[in-house]
Amino acid sequence: MRLDPKAEGLRWLEQAEQDLADARYLLTGKRYHLVCFLAQQAAEKAVKGFLYAQGLEWVRGHSVADLARAAAEFNASFKALVPVGGNLDRHYVPTRYPNALPGGIPSQAFDIEDAQKALEQAQHILNFVHPMIES
(Lines give C-alpha, C1' and ligand atoms only; values in the text may rest on other atoms or scores of the structure.)
Protein backbone atom coordinates (compact mmCIF):
# COMPACT_ATOMS: atom_id res chain seq x y z
CA MET A 1 0.00 0.00 0.00
CA ARG A 2 1.40 3.35 -1.05
CA LEU A 3 1.45 6.15 1.48
CA ASP A 4 -0.06 9.53 0.81
CA PRO A 5 2.79 11.68 -0.59
CA LYS A 6 2.26 14.53 1.87
CA ALA A 7 2.12 12.13 4.82
CA GLU A 8 5.35 10.48 3.66
CA GLY A 9 7.00 13.88 3.29
CA LEU A 10 5.91 14.86 6.79
CA ARG A 11 7.23 11.57 8.15
CA TRP A 12 10.68 12.33 6.72
CA LEU A 13 10.51 15.88 8.02
CA GLU A 14 9.62 14.66 11.49
CA GLN A 15 12.71 12.44 11.53
CA ALA A 16 14.80 15.35 10.25
CA GLU A 17 13.60 17.44 13.18
CA GLN A 18 14.47 14.63 15.59
CA ASP A 19 17.95 14.27 14.07
CA LEU A 20 18.50 18.00 14.54
CA ALA A 21 17.32 17.82 18.15
CA ASP A 22 19.70 14.91 18.73
CA ALA A 23 22.52 16.92 17.18
CA ARG A 24 21.82 19.79 19.60
CA TYR A 25 21.88 17.31 22.48
CA LEU A 26 25.26 15.99 21.32
CA LEU A 27 26.61 19.54 21.19
CA THR A 28 26.30 19.71 24.98
CA GLY A 29 28.47 16.59 25.19
CA LYS A 30 31.09 18.10 22.85
CA ARG A 31 30.59 15.35 20.26
CA TYR A 32 31.24 17.84 17.49
CA HIS A 33 31.86 15.32 14.71
CA LEU A 34 28.52 13.66 15.40
CA VAL A 35 26.76 17.03 15.55
CA CYS A 36 28.08 17.78 12.07
CA PHE A 37 27.03 14.39 10.76
CA LEU A 38 23.52 14.56 12.21
CA ALA A 39 23.09 18.10 10.90
CA GLN A 40 23.86 16.80 7.41
CA GLN A 41 21.44 13.91 7.96
CA ALA A 42 18.68 16.25 9.13
CA ALA A 43 19.05 18.44 6.05
CA GLU A 44 19.16 15.40 3.77
CA LYS A 45 15.98 13.97 5.26
CA ALA A 46 14.18 17.31 5.10
CA VAL A 47 14.84 17.73 1.38
CA LYS A 48 13.97 14.08 0.77
CA GLY A 49 10.74 14.75 2.62
CA PHE A 50 9.93 17.52 0.18
CA LEU A 51 10.65 15.22 -2.75
CA TYR A 52 8.49 12.45 -1.32
CA ALA A 53 5.71 14.99 -0.77
CA GLN A 54 5.87 15.71 -4.50
CA GLY A 55 4.89 12.10 -5.16
CA LEU A 56 8.25 10.50 -5.84
CA GLU A 57 8.28 6.86 -4.80
CA TRP A 58 12.02 6.47 -4.36
CA VAL A 59 14.55 9.23 -3.62
CA ARG A 60 18.15 8.14 -4.03
CA GLY A 61 21.36 9.76 -2.91
CA HIS A 62 22.78 11.40 0.16
CA SER A 63 24.06 14.73 -1.14
CA VAL A 64 21.98 17.61 0.19
CA ALA A 65 23.18 19.77 -2.71
CA ASP A 66 22.12 17.17 -5.29
CA LEU A 67 18.78 16.67 -3.55
CA ALA A 68 18.22 20.45 -3.55
CA ARG A 69 18.90 20.47 -7.30
CA ALA A 70 16.31 17.72 -7.74
CA ALA A 71 13.84 19.65 -5.58
CA ALA A 72 14.43 22.73 -7.74
CA GLU A 73 12.77 20.80 -10.58
CA PHE A 74 9.55 21.14 -8.56
CA ASN A 75 10.23 24.54 -6.98
CA ALA A 76 13.01 26.75 -8.33
CA SER A 77 13.58 28.41 -4.95
CA PHE A 78 15.41 25.25 -3.84
CA LYS A 79 18.37 26.40 -5.96
CA ALA A 80 19.23 28.73 -3.07
CA LEU A 81 19.83 25.67 -0.86
CA VAL A 82 22.47 24.12 -3.13
CA PRO A 83 25.48 25.94 -1.62
CA VAL A 84 24.25 25.38 1.94
CA GLY A 85 23.71 21.73 1.15
CA GLY A 86 27.19 21.53 -0.34
CA ASN A 87 28.67 22.80 2.90
CA LEU A 88 26.78 20.18 4.88
CA ASP A 89 27.77 17.44 2.43
CA ARG A 90 31.38 17.91 3.52
CA HIS A 91 30.36 16.28 6.81
CA TYR A 92 28.87 13.11 5.35
CA VAL A 93 31.99 10.90 5.35
CA PRO A 94 34.85 12.51 7.33
CA THR A 95 32.76 12.85 10.48
CA ARG A 96 32.57 9.06 10.70
CA TYR A 97 35.59 7.40 9.11
CA PRO A 98 39.26 7.88 10.11
CA ASN A 99 40.45 6.97 6.62
CA ALA A 100 38.54 9.95 5.22
CA LEU A 101 40.96 12.26 7.01
CA PRO A 102 44.65 12.80 6.24
CA GLY A 103 45.47 12.24 9.91
CA GLY A 104 43.77 11.87 13.27
CA ILE A 105 40.25 10.66 13.83
CA PRO A 106 36.86 12.33 13.38
CA SER A 107 36.34 13.00 17.08
CA GLN A 108 39.52 15.12 17.03
CA ALA A 109 39.01 16.85 13.69
CA PHE A 110 35.84 18.86 14.34
CA ASP A 111 35.33 21.69 16.81
CA ILE A 112 32.50 23.71 18.28
CA GLU A 113 32.59 26.23 15.43
CA ASP A 114 32.13 23.44 12.89
CA ALA A 115 29.25 22.03 14.90
CA GLN A 116 27.49 25.35 15.41
CA LYS A 117 27.78 26.24 11.74
CA ALA A 118 26.42 22.85 10.70
CA LEU A 119 23.48 23.24 13.09
CA GLU A 120 22.69 26.69 11.70
CA GLN A 121 22.84 25.45 8.11
CA ALA A 122 20.65 22.44 8.84
CA GLN A 123 18.13 24.59 10.71
CA HIS A 124 18.04 26.95 7.73
CA ILE A 125 17.16 24.05 5.43
CA LEU A 126 14.52 22.66 7.78
CA ASN A 127 12.98 26.12 8.14
CA PHE A 128 12.91 26.43 4.37
CA VAL A 129 11.43 22.98 3.71
CA HIS A 130 8.86 22.86 6.51
CA PRO A 131 6.31 25.26 4.97
CA MET A 132 6.86 23.71 1.54
CA ILE A 133 5.57 20.36 2.79
CA GLU A 134 2.92 21.65 5.16
CA SER A 135 1.24 23.93 2.64
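The values are calculated or read from the model by the stated rules, or taken from the named source; none is laboratory data. Note that the structure is predicted; figures quoted are calculated from it, not measured. Glycine also receives a Cβ, built like all others from the backbone with ideal geometry; neighbour counts cover every protein chain displayed. SASA here: full protein model, heavy atoms, side chains in, ligands and nucleic acids out. Shrake-Rupley method; radii C 1.70, N 1.55, O 1.52, S 1.80 Å.
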- line: Ranking H130, H124 from most to least accessible area with a 1.4 Å probe gives H124, H130
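With every protein chain left in place, what is the accessible area per residue of the chain in square angstrom, probe 1.4 Å?
On the way: 7330 Å² over 135 residues.
Heavy-atom accessible area per residue stands at 54 Å².
Evaluate the relative contact order of the chain (contact order divided by residue number), counting alpha-carbon pairs under 8 angstrom at least 6 apart; express in whole percent. Working shown, then result.
Details: 202 pairs, mean separation 45.5, N = 135.
In percent, rounded to a whole number, it is 34.
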- line: The relative contact order of the stretch 56-110, taking Cα pairs under 8 Å that sit 6 or more residues apart, comes to a percentage of 25
statement: The helix 32-53 Cα axis meets the longest alpha-carbon principal axis of the chain at an angle in degrees, between 0 and 90 and rounded to 10, of 10
18 Å Cα-Cα reach of K79 towards lysines, excluding residues that sit fewer than 8 places from it in its own chain: K45, K48
query: So for the stretch 20-135, taking the charge dipole from beta-carbon charges (+1 Lys/Arg, -1 Asp/Glu), which of A53, Q108, Y32 sits furthest toward the positive end?
result: Q108
query: What is the dipole size for the chain, taken about its Cα centre, with +1 at each Lys and Arg Cβ and -1 at each Asp and Glu Cβ, in debye to the nearest 20?
result: 180
query: Rank D111, D4, D89, D19 by accessible area, highest first, at a 1.4 Å probe radius?
result: D4, D111, D89, D19
message: Between helix 112-134 and the chain, what is the angle of the helix's C-alpha long axis to the longest principal axis, kept within 0 to 90° and rounded to the nearest 10?
response: 10
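Hey, could you get me the Stokes-Einstein D for the stretch 1-40, Kirkwood radius over alpha-carbon pairs, 10 °C and 1.306 mPa s, rounded to whole µm² s⁻¹?
Working: Rh = 11.1 Å.
Answer, rounded: 144 µm²/s.
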field: Set of aspartates and glutamates near K6 by C-alpha distance (under 18 Å), chain-local residues within fewer than 8 positions excluded
entry: E14, E17, E44, E57, E73, E134
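Give, to the nearest whole percent, the P(r) tail of the chain beyond 20 angstrom, counting all Cα pairs.
Summing the P(r) of the chain above 20 Å gives 42 percent of all pairs.
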query: Taking the Cβ of F110 as the center, what net charge do the other residues with Cβ under 14 Å away carry, scoring Lys and Arg +1 and Asp and Glu -1?
result: +2
message: In whole percent, and with a 1.4 Å probe on the protein chains, what portion of the accessible area of the stretch 32-135 is carbon and sulfur?
response: 53
message: Between 0 and 90 degrees, rounded to the nearest ten: what's the tilt of helix 5-28 against the longest Cα principal axis of the chain?
response: 20
